[in-house]
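Input: a single structure, listed below in structure tokens.
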Amino acid sequence: MKPVSIRVKLTAWYVLVFSVVLACFCVSIYVMMERKLLRSVDHRLQTMAELISKTELCVVPNFLPPDFERRLNRIFGTRPVGKFIRVLDLSGEIGSRTDNLDDTKIPVNKKLVREVVSTGKIIFETQYPLGRDMPIRFINFPVVDFRSHKVRGVVQVGTSLEFVRESMRNLLVVFFVLGPSLLFVAAVVGFFLAGKALKPIREISQTTRHITVNNLDERITVPVTRDDIGQLAATINGMLDRLSLSFQKITQFTADASHELRTPLTIMQGELEIALRGERSVDEYLETLGSCLEEVERMATIVNDLLLLSKSDMGQEVLNFEPVDMQLMVNNLLSHFQILADEHQINLGSDVDEVETIYGDQLRLRQMLVNLLSNAIRYTPAGGRIRVSLKNVENGIEVAVADTGIGIPEDAIPRIFDRFYRADKARSRQYGGSGLGLSIVKWIVEAHNGSISVDSIVGEGSVFRVFLPTGEHEPAGGASSMSIVS
Ligand SMILES: Nc1ncnc2c1ncn2[C@@H]1O[C@H](COP(=O)(O)OP(=O)(O)OP(=O)(O)O)[C@@H](O)[C@H]1O
Ligand SMILES: [Mg+2]
């Protein structure tokens, strides 16, 4: 089934609401009008009844004046056409009546007459006489003796409600003609207005539809009015900005990864081609194979690092949290790195306090320290110093690796945790670095709800400080903030 457009839905709702309002309006007008007309009929009947009750016609109710009509004419100055008038005694018996009541068999509601007599109140009633399709409105007006103040009889004056009925019928006709026409106009206007209101949304969806990876820099024109639609456009543009940035980073990442892997492959290819050009001695072959193995190891490291990073991006890298004795771990590592430091003629010192046990993944924390120490050794020239310290701080512990190495330029510091970023590409690659070590460090630290900071001065050295919280806690879910798009 074809989905119904918002425009049609809006119009339908508009017409529905409008028709309900219109119906309510018509009903209230109808009811008010009917009441008003009836009230004016009642008013006229009351005036007449009051007039009659004060005349000699009502002095002796049981007296049947033969010239009732004539006397009425005299009272009103004209013949009260269409009025049914009769004078009743206290029991409801008819004393006098107009001729038109002779052929219309309108019974006297004696119960009502008695009520008028006993209470002295004016009571209106609508009668539906047999054989007449129009109801008759009657007033039952008490005739009060002005001396004794007692009710002496009742004057009934009636009139056909034909005029009221006719007026109401005419009003209904107006409603039935005008109502649908108004609804039609409302539907047309509603459809037009909905279309006008939704036009910017159509434009937004048209523009959005043709944005692909090839034109991710295209943006929606944001309307000047900062209304809901303006905000929607701005939000989509914001999303496109982020997508474009992510895409750029992914493209950059793929290019960097390919480049990193191509370098060792090119080296290996060169070495193998040279080796195959002619017959070589065993030593030469061994040298070539050794060099190839080095490149293969380098590639394996890159691939392993990338695998770890992509797994952590997808949240697939499971960390096994357990109590970790950092003091023991640092001391262990120091003894291993001592050999390497000696090889590079670097003085490796430590300042390890007894610290609180932390909760974390033993293997990953070790990997973090290895990466930091490797960097310190890699980027510190012979004769330099490296100092590893461990101490308790508020709510956690701090591991710091300080070196007197080459340092990091200020503008490079914010980027050193990016994947494949190296402050000094040539130098770093010469040492076998691919720029993934600190990305992994950052991920590990964040997965442990910790933080890392760097202080560095070019030519003087760098300090990497890692804060790790103590107390039992879960691995951070947002550890993937080190993702390419971080
Ligand atoms: N202690 C340090 N002193 C000076 N520069 C450093 C230090 N540690 C890191 N850097 C700079 O930060 C960059 C990124 O470091 P990172 O550990 O991520 O990559 P890498 O050491 O080049 O390669 P690898 O993936 O093998 O670790 C390095 O290339 C280097 O320029
Ligand atoms: Mg490194």
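The values are calculated or read from the model by the stated rules, or taken from the named source; none is laboratory data. Because the structure is predicted, anything quoted here is derived from the model rather than measured. Cβ coordinates were reconstructed from backbone atoms using ideal geometry, including for glycine residues, and neighbour counts include every protein chain displayed.
Conditions (1) in a loop (DSSP other than H, G, I, E, B); (2) at pLDDT 90 or above, marked per residue:
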{"site": "Arg86", "(1), (2)": "no, no"}
{"site": "Ser96", "(1), (2)": "no, no"}
{"site": "Leu130", "(1), (2)": "yes, no"}
{"site": "Asn140", "(1), (2)": "no, yes"}
{"site": "Arg152", "(1), (2)": "no, no"}
{"site": "Val157", "(1), (2)": "no, yes"}
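The single condition from (1) within 25 Å of Ala257 (Cα to Cα); (2) of a type in the set (A, V, I, L, M); (3) away from ligand 1 (no atom under 15 Å from the Cβ); (4) touching a strand residue (DSSP E or B) at 6+ places or on another chain (Cβ under 9 Å) that Val330 fails is (1). Looking across the range 382-406, just one residue is within 16 Å of ligand 2 (Cβ to nearest atom) and either surrounded by fewer than 19 Cβ atoms within 10 Å (Cβ to Cβ) or charged (D, E, K, R) (or both), and that is Asp403. Residues of the range 165-196 that are small (Gly, Ala, Ser) and either touching a strand residue (DSSP E or B) at 6+ places or on another chain (Cβ under 8 Å) or touching a residue at least 12 places away in the same chain (Cβ under 8 Å) (or both): Ser167, Gly179, Ala186, Ala187, Gly190, Ala194, Gly195. Could you please let me know if Leu348 is more than 16 Å from ligand 2 (Cβ to nearest atom), of a type in the set (A, V, I, L, M), in contact (Cβ under 8 Å) with a residue 60 or more places away in the chain and not in a helix (DSSP H, G or I)? No.
Look at Met329 and say whether it is away from ligand 2 (no atom under 16 Å from the Cβ), crowded, with 16+ Cβ neighbours inside 10 Å and in the same structural domain as Ile452 (by TED's automatic domain parsing). The answer is yes for Met329. None of Leu390, Leu372 is modelled with pLDDT of 95 or more, in a strand (DSSP E or B) and out of contact with any Lys or Arg (no Cβ under 8 Å at 6 or more places or on another chain) except Leu390. Can you spot a residue in the range 351-369 that is more than 16 Å from ligand 2 (Cβ to nearest atom), in contact with a Gly (Cβ under 8 Å, 6 or more places away or on another chain) and in a strand (DSSP E or B)? Looking through the range 351-369, at least one residue is more than 16 Å from ligand 2 (Cβ to nearest atom), in contact with a Gly (Cβ under 8 Å, 6 or more places away or on another chain) and in a strand (DSSP E or B). More than 13 Å from ligand 2 (Cβ to nearest atom), over 28 Å from Glu474 (Cα atoms), in contact with a Phe, Trp or Tyr (Cβ under 9 Å, 6 or more places away or on another chain) and not in a loop (DSSP other than H, G, I, E, B) - does that describe any residue in the range 430-445? Looking through the range 430-445, none of the residues is more than 13 Å from ligand 2 (Cβ to nearest atom), over 28 Å from Glu474 (Cα atoms), in contact with a Phe, Trp or Tyr (Cβ under 9 Å, 6 or more places away or on another chain) and not in a loop (DSSP other than H, G, I, E, B). Would you check if there is a residue in the range 432-443 being touching a helix residue (DSSP H, G or I) at 6+ places or on another chain (Cβ under 7 Å) and either of a type in the set (Asp, Glu) or farther than 22 Å from Leu309 by Cα (or both)? No, the range 432-443 has no match at all. The listed residues are Ile408, Ile416, Ile386, and the only one of them that is in the same structural domain as Asn449 (by TED's automatic domain parsing), near ligand 1 (Cβ under 6 Å from one of its atoms), in contact (Cβ under 8 Å) with a residue 24 or more places away in the chain and touching a helix residue (DSSP H, G or I) at 6+ places or on another chain (Cβ under 6 Å) turns out to be Ile416. When each of Lys121, Lys105 is tested for being modelled with pLDDT of 90 or more and part of a loop (DSSP other than H, G, I, E, B), the lone residue that passes is Lys121. Only a single criterion out of (1) within 15 Å of ligand 1 (Cβ to nearest atom); (2) crowded, with 16+ Cβ neighbours inside 10 Å; (3) among the aliphatic types (A, V, I, L, M) is not satisfied by Val324, namely (1). Being in a helix (DSSP H, G or I) and free of Cβ contacts under 8 Å to residues at least 12 places away in the same chain holds for only one residue in Thr208, Thr235, Thr225, and it is Thr235.
Residue count for the range 317-338 under the criterion of being more than 30 Å from Leu306 (Cβ to Cβ) and in a strand (DSSP E or B): the result is 1.
Only a single criterion out of (1) surrounded by 14 or more Cβ atoms within 10 Å (Cβ to Cβ); (2) farther than 23 Å from Lys83 by Cβ is not satisfied by Arg165, namely (2). Restricting attention to the range 306-321 and to residues that are of a type outside the set (Phe, Trp, Tyr) and under 21 Å from Val399 (Cβ atoms), the residue that is surrounded by the fewest Cβ atoms within 10 Å (Cβ to Cβ) turns out to be Asn320.
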